[in-house]
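Q: The structure under discussion is supplied below as structure tokens; questions concerning it will follow.
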Amino acid sequence: MKIVWIVGQQDMLLASFRLRCWYFHQELQRRGISSTIYRSGRFPPADVVILQKAFTPGHVRLARELKEQGIRLIYNLSDGIPAGTVNFVGSVQLLALSDRVIVNSHSLGEFFVNRYNPDWAVVEDPYDWTFAPSEHENDDDRPKVFWHGASKNHRLFVSPLCSTLRFSVEALTDRTDPKWNLSLFPDYVRPFEIGFAPLPLHNVYILGKSSNKIVGYMALGLAVIASDHPSYRKVIRHGENGFLGVTVNDFNVAYEHLRNPVFRRRVAEDGYQSVLGRFSVSALTDKLMVTLDPREEYKK
């Protein structure tokens, strides 16, 4: 099978590129499967083309030409796209044109993709790195809390809560000092014991979010406090391998529980073990291959 990726944004700092394309591309090549990321020039031979962040009229024209040649089209989607935006029309055209759609969460498929293409399958985002909870040795009853992401999301998701949280949250964004840096990220996280993942649950487009933030925190050995989001609910068993909440009071109560260092380590260890393997690049590449092969049927 010859696989070609058409990816509109090829920036390793973007989770959508490294988690939805680059890690799979590398694993496919490691397995001896032909995988190419198309950049320009003559289009390479392909049995399957995976489109991601490809919204332009040029992408749509190319997709139609490839389909006319009998090439199987897969649309790889990581976010819901609000109606009325520049990217919406092209994305909807490609959703309808594709033979199958891959999404990184059930909720994204159910609440967005299903309207335009009922043939979709879930391949979750893998984690970037791992280190065990034992690397966060700290018996302090005031554990340090960490959040990372785009500065605009910090402004929308985290800042409105800070005045009523009974704990402080240190953030790493594109505007902090130090700034978000992919290569330094694991070392930056080591001093923290808790990963925080609040989301505005009233926003319909937030329903399409994947589990990648909490999976990343759990794989890095952090205990997790997160919003009670559908994707997070599929990973976190409340009070066992993490905490889910809706209100600020829920987050504060969770933090109080995690002030106990013995309990905190137990939650972090349970979280760490629950994502290892399940969200590895190898396991999710197996899912991807079943999804790409029309002779197999990956059941949602």
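Q: Taking the Cβ of each residue in Ser210, Ser280 as the centre, tally the other Cβ atoms inside 10 Å and list the residues starting with the fewest. Don't skip to the answer; put the middle values down first.
A: Working: Ser210 25, Ser280 17.
Ranked by crowding around the Cβ, least crowded first: Ser280, Ser210.
Q: How big is the dipole moment of region 1-157 about its Cα centre under a simple scheme where the beta carbon of each Lys and Arg is +1, that of each Asp and Glu is -1, and everything else is neutral? Debye, nearest 20, please.
A: That gives a dipole near 860 debye.
Q: While we're here: Is region 133-275 best put as rounded, prolate or oblate by its Cα gyration tensor, with a ≥ b ≥ c the root eigenvalues, rounded for a/c under 1.5, and otherwise prolate when a/b is larger than b/c, oblate when not?
A: rounded
Q: May I ask you to derive the relative contact order of region 44-159, considering only C-alpha pairs under 8 Å and at least 6 residues apart, and to give it as an integer percent?
A: Averaging sequence separation for qualifying contacts and normalising by length gives 19 percent for region 44-159.
Q: While we're looking at this one, here's another question. Please go through the residue pairs Lys67/Lys287; Lys144/Lys209; Lys179/Lys287; Lys53/Lys144; Lys53/Lys179; Lys67/Lys213 and name each one whose alpha carbons sit more than 32 Å apart in this structure.
A: Cα-Cα > 32 Å for Lys179/Lys287; Lys53/Lys144; Lys67/Lys213; rest within.
Q: Can you tally the net charge around Phe146? Count Lys and Arg as +1, Asp and Glu as -1, for every other residue whose Cβ sits under 12 Å from the Cβ of Phe146.
A: On the way: positive: Lys144, Arg190, Lys213; negative: Glu170, Glu193.
In short, +1.
Q: Here's a follow-up. Please arrange Cys162, Cys21 by how many other C-beta atoms lie within 10 Å of their C-beta, fewest to most.
A: Details: Cys162 13, Cys21 23.
Result, fewest neighbours first: Cys162, Cys21.
Q: Moving on to the next point. Just for region 162-276, what percent of DSSP beta bridges are antiparallel, to the closest 5? Spell out each step's value before the answer.
A: Working: 0 of 8 bridges.
About 0 percent, rounded to the nearest 5.
Q: So what's the gap between the Cα centers of region 240-272 and region 116-165, to the nearest angstrom?
A: Taking the Cα centre of each part, region 240-272 and region 116-165 sit 13 Å apart.
Q: Give me the one-decimal nm value for the distance between modelled label points at Thr247 and Gln9, 7 Å along each residue's Cα-to-Cβ direction.
A: For the pair Thr247/Gln9, the computed spacing is 3.5 nm.
Q: How do Phe24, Phe196 line up, fewest other C-beta atoms within 10 Å first?
A: Exposure proxy ranking, most exposed first: Phe24, Phe196.
Q: If contacts are Cα pairs under 8 angstrom and at least 6 residues apart, what is the relative contact order of the chain in percent?
A: After rounding, I find 17 percent.
Q: How much FRET efficiency would the formula 1/(1 + (r/R0)^6) give for Asn203 and Thr164, where r is the Cβ-Cβ distance and R0 is 30 Å, rounded to 0.05?
A: The pair Asn203/Thr164 has a calculated efficiency of 0.95.
Q: Put +1 on the Cβ of each Lys and Arg and -1 on the Cβ of each Asp and Glu in region 133-275; which of Pro261, Val215, Ser227 then has its Cα farthest toward the positive end of the dipole?
A: Going by the Cα projections, it comes out as Ser227.
Q: Calculate for the chain the 222 nm mean residue ellipticity that helices alone would give, adding -39,500 (n - 2.57) per DSSP H run of length 4 or more and normalising by residue count, nearest 500 deg cm²/dmol. Walk me through the numbers on the way to the answer.
A: Values: 10 runs with 91 residues, N = 300.
So the helix-based figure for the chain works out to -8500 deg cm²/dmol.
Q: Can you tell me the dipole magnitude for region 133-275 around its Cα centre, using point charges on the Cβ only (Lys, Arg +1; Asp, Glu -1), in Debye to the nearest 20?
A: 480
Q: Okay, which of region 1-32 sit inside 14 Å, backbone N to the point 7 Å along the Cα-Cβ direction of Arg61?
A: Within reach of a label on Arg61, which here means backbone N under 14 Å from a point 7 Å along Cα→Cβ, region 1-32 contributes nothing.
Q: Between His257 and Asn87, what is the label-to-label distance in nm when each label sits 7 Å out along the Cα-to-Cβ direction?
A: If labels sit at His257 and Asn87, their model points lie 3.5 nm apart.
Q: Given labels modelled 7 Å from the Cα in the Cβ direction, how far is it in nm from Gln29 to Arg142?
A: That separation, rounded to one decimal, is 4.8 nm.
Q: Quote to one decimal, in nm, the extra length available between Glu240 and Leu184 on full extension: 0.36 nm per residue of separation minus the C-alpha distance between them. Provide the component values of the computation, followed by the final result.
A: On the way: separation 56, 0.36 × 56 = 20.16 nm, distance 2.97 nm.
Gain on extension, Glu240 to Leu184, equals 17.2 nm.
Q: Moving to a separate point now. Hey, what did region 1-69 get for relative contact order, percent, Cα under 8 Å, at least 6 apart?
A: Relative CO of region 1-69 lands at 49 percent.
Q: Find how much the distance from Leu156 to Phe111 grows on full extension, using 0.36 nm per residue of separation minus their present alpha carbon separation; answer in nm with one decimal.
A: 14.0 nm
Bear in mind that the values in this text are calculations on the coordinates, not laboratory data. All values derive from a computational prediction rather than experimental measurement. We place every Cβ from the backbone using ideal geometry, glycine too, and count neighbours over all the protein chains shown.
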